[in-house]
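Notes for the one structure printed next.
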Amino acid sequence: MGLFSKKDACPVCGGEVKGLFLIKIGDKQTLCKNCSKQISMNKSLLETATPEFIREHLDYRKKNAEKYASHNWSVKIHSIPGFQFGLDEAGKAIYLIHDDLHDNEDNPVVLSFDQLTGYELYRRKKKMDDMENTGPITLDTKLSAIGGIAQFAGNKTASAESFQLKLTTTDPYWKEMDIKIDFTSTQLHGLGGFAKDMRQVCQIIKNIIRKEPIRYES
Ligand SMILES: [Zn+2]
């Protein structure tokens, strides 16, 4: 009977296809858990992916993990909800970890500086910043720190907001990234808020794309 009948083997490795959150590729084929968790690519590529395309990708991901291990990540910004960022300035690379990238601490997406080509930051779907803007990034044009906290205390749902960090790269699997960060005003501005770290990440990415010296906020 349908639900518990024996499923096909994984088209990539031949393993058993069982469990939740399995990735589907072209021709309605489902990958096993082990293959699924190693994949990090734009969803649109999966729709037409063949087993051979996935095998090449898994090889690429293995090399990515080696690249990640070989860098000296002198700057790590891990305070932003659901998002982690690292920089190796001397080694000219960054890493990004987020559910939207389907990666994790074991194998973050690593990009060399010359792979980054575009950057835009949105808040509540409104563009806040992009690579053409050379001025400082202001993340609190709408809500002051105090206003945000007051609103949060009065109505929890009203202050839920989101950032979207949109990047374009020359990475074959991530030509476009759309990273969504959900937060509340208190998380952004309050005690231990991440507004400064969000600005810092955007500033670093902008400096890299504009081939400027990287500016840190002290
Ligand atoms: Zn498999």
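What FRET efficiency, computed as 1/(1 + (r/R0)^6) with R0 = 30 Å and r the Cβ-Cβ distance, is obtained for ASP27 and ASP182, rounded to the nearest 0.05? Don't skip to the end; give the middle numbers.
Numbers: r = 34 Å, r/R0 = 1.14.
Result of the calculation: an efficiency of 0.30.
Under a Cβ-Cβ cut-off of 9 Å, what is the net charge of the residues other than GLN203 that fall near it, where Lys and Arg count +1 and Asp and Glu count -1? Provide the component values of the computation, followed by the final result.
Working: positive: ARG199, LYS206, ARG215; negative: GLU217.
Residues near GLN203 contribute +2 overall.
Can you give the alpha-carbon Rg of the chain over 2.2 N^0.38 Å, where N counts its residues? The partial results should precede the final answer.
Working: Rg = 19.7 Å, N = 218, 2.2 N^0.38 = 17.0 Å.
Normalised by 2.2 N^0.38 Å, the Cα Rg of the chain equals 1.16.
What are the principal axis extents of the Cα atoms in the range 1-70, in Å, biggest first?
Principal-axis extents of the Cα atoms in the range 1-70, largest first: 49, 22, 18 Å.
Can you tell me which of 121-134, 77-90 comes out highest on packing, and rank the rest after it, using the mean Cβ neighbours within 10 Å?
Details: 121-134: 14.7, 77-90: 17.7.
The densest-packed peptide leads the list: 77-90, 121-134.
Please name which of ALA9, PHE21, THR134 has its Cα lying farthest along the dipole of the chain towards the positive end, using unit charges on Cβ (Lys, Arg +1; Asp, Glu -1) and the Cα centre as origin.
Positive-end residue among those listed: PHE21.
Run the reach check for LYS196 against aspartates and glutamates, Cα to Cα strictly under 15 Å, same-chain hits fewer than 8 apart removed. What comes back?
ASP129, ASP140, GLU217
Suppose only helical runs count, i.e. DSSP H with n ≥ 4. What mean residue ellipticity at 222 nm does that imply for the chain under -39500 (n - 2.57) per run, divided by all residues and rounded to the nearest 500 deg cm²/dmol? Let's see the in-between values first.
Working: 6 runs with 60 residues, N = 218.
When only DSSP H runs of four or more count, the value is -8000 deg cm²/dmol.
For the range 46-131, report the % of Cα-Cα distances exceeding 19 Å.
On the way: 1826 of 3655 pairs.
Every Cα pair in the range 46-131 considered, those over 19 Å come to 50 percent.
What size of dipole, in debye to the nearest 20, comes out for the chain about its Cα centre when the only charges are +1 on Lys and Arg C-beta atoms and -1 on Asp and Glu C-beta atoms?
Values: 31 positive and 29 negative charges, 88 e Å.
Rounded to the nearest 20 debye, it is 420 debye.
Under 19 Å between C-alpha atoms is the cut-off here; go through the range 1-70 and count lysine pairs that meet it, provided they're at least eight residues apart or on different chains.
Taking the Cα cut-off of 19 Å, the pair count is 22.
Loop-only check: which trypsin sites (Lys or Arg not before Pro) in the range 32-97 are DSSP coil with at most 16 other Cβ within 10 angstrom? Walk me through the intermediate numbers first.
Working: sites: LYS33, LYS37, LYS43, ARG55, ARG61, LYS62, LYS63, LYS67, LYS76, LYS92; in loops: LYS92.
Counting only loop positions with at most 16 other Cβ atoms within 10 Å, the trypsin sites (Lys or Arg not before Pro) in the range 32-97 are LYS92.
Each reported figure results from applying straightforward, stated rules to the coordinates on display, with no laboratory input. Quick caveat, the model's predicted, so the values are computed rather than measured. Methodologically, a virtual Cβ is constructed for each residue, glycine included, from the backbone with ideal geometry; neighbour enumeration extends over all protein chains shown.
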